[in-house]
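Everything on this sheet refers to the single structure shown next.
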Amino acid sequence: MKTNRSLFRQSVGALTLAVALLNAPAQAQELASTSVVTSPVENPLKVTIVQDNKLRFQLEFTNPENRKVYVTIKDAQQRDLFVETFTTQGRHVRTFDLSTLADGRYTFEVNGAKAQFAQSFELATQTNRVVLAKN
């Protein structure tokens, strides 16, 4: 009798663990090979993008003049998902939490009067599936 109860408890425990693992939320990750991204061409806006968490990015840039600088995040179809305008001179820092975005290709763009910067990245969901079977 004790053996049957013990086996039943182990089975219920294993089943509970399996269900919990299968229902765990998937996490997406940025696929860049490095966490610091800068443009390979001349970059007068001095843009840097640093991945400080799995899906949080810190964008820094310098507005060398008191002109408008637009920061945009676009999807694969070039639709604007986010746009912010900066008009003051100096260094600007903005943190983006991209955890609500679906899997796909996106682009950070920083456009000033005399310079443009673009960095594309891809978000892909990675899931771990576990199957537990006991006889």
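The values are calculated or read from the model by the stated rules, or taken from the named source; none is laboratory data. Small disclaimer: the values here were computed from a predicted structure and weren't measured. We place every Cβ from the backbone using ideal geometry, glycine too, and count neighbours over all the protein chains shown. To get the accessible areas, we keep the full protein, side chains included, count just its heavy atoms, and leave off ligands, DNA and RNA. Shrake-Rupley method; radii C 1.70, N 1.55, O 1.52, S 1.80 Å.
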Going by what's in this entry, would Lys114 be described as under 28 Å from Asn128 (Cβ atoms), part of a loop (DSSP other than H, G, I, E, B) and either at pLDDT 95 or above or charged (D, E, K, R) (or both)? no
What are the residues in region 86-104 that are open to solvent by 60 Å² or more (accessible area, probe 1.4 Å) and of a type in the set (S, T, N, Q), if any? Thr87, Thr88, Gln89, Ser99, Thr100
Per the filter on region 82-98, residues in contact with a Lys or Arg (Cβ under 9 Å, 6 or more places away or on another chain), assigned to a strand (DSSP E or B) and within 15 Å of Gln119 (Cβ to Cβ) are Phe82, Phe96
Checked pairs for region 114-125, first basic (Lys, Arg), second not in a strand (DSSP E or B), C-beta under 7 Å and 6 or more apart or across chains, list as Lys114/Pro44
